[in-house]
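First comes the structure, then the notes that go with it.
The values are calculated or read from the model by the stated rules, or taken from the named source; none is laboratory data. This structure is a prediction, so every number in the text was calculated from the model and none was measured. In this analysis, Cβ positions are derived from the backbone assuming ideal geometry, glycine residues included, and neighbour counts consider all displayed protein chains.
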Amino acid sequence: MGRVRRGQWGAMAMRNLEAKFRVGDFAAARRAAEAIGFGWCGELIQRDTFFKAARGLLKLREEPGGAALINYRRAPRGGLELSDYSIAPIAEPDAIRAILEAALGAIAEVRKSRTLLTRRNVRLHLDRVAGLGDFGEIEAVAGPDDDAGAYRGEVEEILAALGVPGDQLIGVSYFELMRR
């Protein structure tokens, strides 16, 4: 994995190649992931508030123990999504949420519980999303100077091990699914 580039005010600029899909059986998905080398990292409860943005998507992620402001842009890559994103820790999420709502307007809120599994630079999220159902999300994290497309084969291998055909990938965020 390449170097992480720090942007203005300490925000981290990152890239990843991701795939999102519905999950029918969490236990089976976790067993399949562990069989190919993924290890459990934790259970997370997350609240994502999305705001109007001139470019890309802007969200405030809150979870026990911390919060972050995340701006990201996505480009489809044959069923997989290439994302460039910047992330900055937030010390006072309630105040930041109120300011952003007043200035930009909130467009959606997504609440989920997430099981996090990792293998090297790849994260597998098994998500239970309130109002939507159960999903999996694979993120191959690349440094800003890496070619994130180089991880395509690895992501496709993981999808195959989980029994997810390429035509079942979801190319939008959870809040965009809620709008449908």
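Tabulated results
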| quantity | calculated |
| --- | --- |
| Top-ranked residue of region 160-180 - restricted to ones that are touching a residue at least 40 places away in the same chain (Cβ under 8 Å) and closer than 20 Å to Ala35 by Cα, ranked as surrounded by the fewest Cβ atoms within 10 Å (Cβ to Cβ) | Gly163 |
| Tally, over region 72-88, of residues that are part of a strand (DSSP E or B) and exposed (fewer than 12 other Cβ atoms within 10 Å of the Cβ) | 2 |
| Residues of region 109-122 that turn out to be at pLDDT 95 or above, surrounded by fewer than 19 Cβ atoms within 10 Å (Cβ to Cβ) and more than 12 Å from Leu44 (Cα to Cα), as a count | 3 |
| Filter result for Leu69 (over 23 Å from Gly171 (Cβ atoms), assigned to a strand (DSSP E or B) and of a type outside the set (Gly, Ala, Ser)) | yes |
| Residue list for region 140-159, restricted to those being out of contact with any helix residue (DSSP H, G or I) (no Cβ under 9 Å at 6 or more places or on another chain) and either free of Cβ contacts under 8 Å to residues at least 12 places away in the same chain or under 16 Å from Phe38 (Cβ atoms) (or both) | Asp147, Ala150, Tyr151, Gly153, Glu154, Val155, Glu157 |
